[in-house]
Each structure stands twice: as structure tokens, then as C-alpha cells.
Amino acid sequence: MKDLLEKCCGLDVHKDVIVACILSGPIGKTTVSEIREFSTLASGLAELRDWITSSGCSHVAMESTGIYWIALYEVLEAAPEKLTLLVVNARHMKNVPGKKTDMRDAEWIATLLRAGLLNASFIPEKSIRELRHLTRYRKSIVHDITSQKNRIEKFLQSSGFRLSSFVSDIFGVTGRGIILHLIQHGSIDRDALNQCLKTKTRERLDEILAALNGTLSEHQRDFLSLMLEHYDTLCFHLAEVETAILNEASPKSAQVEQLITIPGISATASLSIIAEIGTDMDSFKTAEHICSWAGLAPPR
């Protein structure tokens, strides 16, 4: 392997400990290896950062193992001296020609980095990563809301109320009015149902009344109330998350406006796209490269 760097650092990151190796020496000459272990606590990460910067090392590589590299990456990213950080897929390093033998993982990573044989994974800037936290969290909240809606609909079905057979969205104005009436009274009569129904649905009043011809026990009413309250809490929380997303993405408003000009791309989708790939396309060599990274096409 041909050397490209005079000094570099390889990090083998684990849950509780980080093994660091700094290789130094003139290009093409025998290297000197210095290996130390650091804690993954905040104090240990700071100590590692100071050791790397004080040694004059500017290139650092680590495996993208689980989530353990993230805290370390952010500490090194904030170092006063600019560091070139590479987060590398562990599978890629295994495919690099050469024999690892008895070398420690950290030393092997440093050796590959020194020879320029590592390809860094795409890690966007910190502001994009923070936006990504929110957009991915929003997705999980939407999933939770859908699950909760399904629970409520399933409970109504099991209790003998076929509301979804006649109302497309049982959480709309009509459906919610009926559910609230059932929670309060346990059943619904013709007059109360007529007040809940809107426009065209009143034409099927008798059919809907037959589908709702039942009575909820006190337990069922309390249980339905609990589930609806949780659904409302999730919806309120979703609104909070969406507000936070808009605030976080405000500096990227121009890019959002560009993306929504694409047919089928909404404002929400555009924010998710930016959160995943960022706004600097220099990180991707070609259109095929970004499609491959997104899992939409094989690499060329």
C-alpha cells in the first residue's frame, strides 16, 4: 500500500471504550504507532479530542458501528483545530486488499487511512443532522397516530359499532362527534345522530343508525375515552414537532421552494429530502451515486 499521509488516526469505537491509534512517519518510511484507550464518557471523548489535536493529527477515521460513533463524531467535529473526519462502513474495510493479521483494529483503520484506501460515508453538516432528528421523529409520530386510530376503530368494531362502514374518516367532524356522543352517553339515537351527520351522510341516516345500534358499558366508555385522549395527545405532539421542523428548516426555505416545484413533492416531503441528503450535492459524484446511496438504483 502506498502512503499518502504522514500522520493519521484510526479509532475502534465500542460501547464503553475507544481504542485510538496514531500512525506517524515520513511517507514511504516505517511508521511509529501510538495506541491509547479512552472512555466513551464525555470526559473521555474530550481527552481523546485533545490528544489527537495536540499531536498535530488532522485526519481521523472510524467505523460506522451502531450509534456509538455519533457522540464521538460530534465532539471531534467541534474541535478548535479543523479535523478531516471519515466514518467508514466496516464492510468496506473488510473488502480492502491486505492482511490484517494480529494488528489491532484501530491500527488497521489508521493504516488504511494513511494509504488513502478508505471511502467516507456521507455525513451531512450538523444543521442537517439536527433537522433529520426531527423529520425522522415526525415519521414515527405519524406511525403512532395511525396505530392509535386503528386501535380505536378496531375497538368500535369489536363493540358492535360499524361506523367505518359509512364514514370514510371516523376522526373527521362527523365521526368524532359520534364517538364523543358514545363516550358521554354510551349509545346514540336518531336525533343525536342527525345532529352529528353532515350533508350527504344524512341521506343514509337509517343505515348508519342501524350500524350504531348498540350500547357501550361504563368500562367501554372510559376505555374509549382514554384511547381518544391519547390520540389527541399524539396529534398535539405532532403539531409541536412540525413547528420545530419549520423553525429548524427556515434557513433552507429557498431549497424547499425549489423542491416543491417538482410534481408530487409536498413541503413535508421536501423537508424530509433535505434532512436526508442535505443541500450540498458535491458530496455525490453523480446522479447515479445519490440514487445508489438512497437504495433506488445499483451503483455503476
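Read-outs: derived from the displayed coordinates by stated rules, not from any lab. Keep in mind it's a predicted model, so treat the numbers as computed, not measured. Here Cβ is always computed from backbone atoms with ideal geometry, including for glycine, and neighbour counts include all displayed protein chains.
Can you pull the one-decimal nm distance between simple spin-label points at SER164 and GLN184, each 7 Å off the Cα toward Cβ?
2.5
Working from Cα positions, state the angle (0 to 90°, nearest 10) between the long axis of helix 42-54 and the longest principal axis of the chain.
In the chain, helix 42-54 runs at an angle near 40 degrees to the longest axis.
Can you pull the one-decimal nm distance between simple spin-label points at ASP191 and ASP280, each 7 Å off the Cα toward Cβ?
Between ASP191 and ASP280, the simple spin-label model gives 6.9 nm.
Rank-order 195-205, 45-55 by packing density, defined as the average count of other C-beta atoms within 10 Å over each peptide's residues, highest first. Please report the intermediate quantities before stating the final value.
Working: 195-205: 13.4, 45-55: 16.2.
Ranked by mean Cβ neighbours within 10 Å, highest first: 45-55, 195-205.
How long is the gain from ALA79 to THR65 if the chain were fully straight, where each residue apart is worth 0.36 nm and the alpha carbon distance is subtracted? Don't skip to the answer; put the middle values down first.
Numbers: separation 14, 0.36 × 14 = 5.04 nm, distance 2.17 nm.
Stretched fully, the ALA79-THR65 segment lengthens by 2.9 nm.
What angle, in degrees between 0 and 90 and rounded to the nearest 10, separates the Cα long axis of helix 218-249 from the longest principal axis of the Cα atoms of the chain?
With rounding to tens, the tilt is 40 degrees.
Amide H of GLY116: which non-local residues (sequence gap of 5 or more, or other chain) have their own amide H closer than 5 Å, using H built in the peptide plane?
Amide H neighbours of GLY116: LEU4.
CYS235: net charge of surrounding residues, Cβ under 13 Å, Lys/Arg +1, Asp/Glu -1, itself excluded? Please list the in-between numbers first.
Working: positive: ARG138, LYS149, ARG176; negative: ASP144, GLU229, ASP232, GLU240, GLU242.
The answer is -2.
For the pair ILE27/PHE236, report the inter-label distance in nm, with labels modelled 7 Å from Cα in the Cβ direction.
Here the answer is 6.3 nm between the modelled labels.
Between THR243 and LYS154, what is the FRET efficiency for a Förster distance of 22 Å, r being their Cβ-Cβ separation, to the nearest 0.05?
Working: r = 31 Å, r/R0 = 1.40.
Calculated value: 0.10.
Measure out, as a whole number of angstrom, how far apart the alpha-carbon centroids of the stretch 215-259 and the stretch 121-196 sit.
Cα centroid of the stretch 215-259 versus Cα centroid of the stretch 121-196: 10 Å apart.
Just list whichever of LYS82/LYS139; LYS149/LYS198; LYS2/LYS126; LYS139/LYS198 have alpha carbons separated by over 23 Å in the model shown.
On the way: LYS82/LYS139 34 Å; LYS149/LYS198 21 Å; LYS2/LYS126 33 Å; LYS139/LYS198 32 Å.
Beyond 23 Å between Cα atoms: LYS82/LYS139; LYS2/LYS126; LYS139/LYS198.
Would you mind putting 56-63, 73-80 in packing order, based on average other-beta-carbon counts within 10 Å, highest first?
In decreasing order of mean packing, 56-63, 73-80 become 56-63, 73-80.
If R₀ is 45 angstrom, what is the calculated FRET efficiency for the pair SER140 and GLU6, using the beta carbon separation as r and rounding to 0.05? Numbers along the way, then the final one.
Values: r = 46 Å, r/R0 = 1.01.
The computed FRET efficiency comes out at 0.50.
On a 0 to 90° scale, report how tilted helix 126-158 is relative to the longest principal axis of the chain, with both axes built from alpha carbons and the result rounded to the nearest 10.
Between helix and principal axis, roughly 30 degrees.
Which entry in (1) 177; (2) 139; (3) 206 is this structure's computed volume of the Cα convex hull per residue in Å³?
(3)
Take the Cα gyration tensor of the stretch 92-209, multiply each eigenvalue by 5, square-root it, and list the three semi-axes largest first, rounded to whole angstrom. Present the calculation step by step, with values, prior to reporting the outcome.
Numbers: eigenvalues 764, 46, 27 Å².
Semi-axes, largest first: 62, 15, 12 Å.
SER168: net charge of surrounding residues, Cβ under 14 Å, Lys/Arg +1, Asp/Glu -1, itself excluded?
Details: positive: LYS149, ARG162, ARG176, LYS198, LYS200, ARG204; negative: GLU153, ASP169.
After counting each charged neighbour, the total is +4.
Please work out the FRET efficiency for the pair ARG36 and HIS92, using the Cβ-Cβ distance as r and a Förster radius of 25 Å; give the result to the nearest 0.05. Walk me through the intermediate numbers first.
Details: r = 25 Å, r/R0 = 1.00.
Efficiency, rounded to the nearest 0.05: 0.50.
Once you have the Cα-Cα distance between ARG204 and TRP293, take 0.36 nm times their residue separation minus that, and quote the gain in nm to one decimal.
Numbers: separation 89, 0.36 × 89 = 32.04 nm, distance 5.16 nm.
Stretched fully, the ARG204-TRP293 segment lengthens by 26.9 nm.
Add +1 for every Lys or Arg and -1 for every Asp or Glu among the other residues with Cβ under 14 Å from the Cβ of CYS196, and state the total.
Every neighbour counted, the sum reads +3.
Calculate, in nm to one decimal, what SER121 and GLU47 gain on full extension: separation in residues at 0.36 nm each, minus their alpha carbon distance. Present the calculation step by step, with values, prior to reporting the outcome.
On the way: separation 74, 0.36 × 74 = 26.64 nm, distance 2.51 nm.
Roughly 24.1 nm would be gained on extension.
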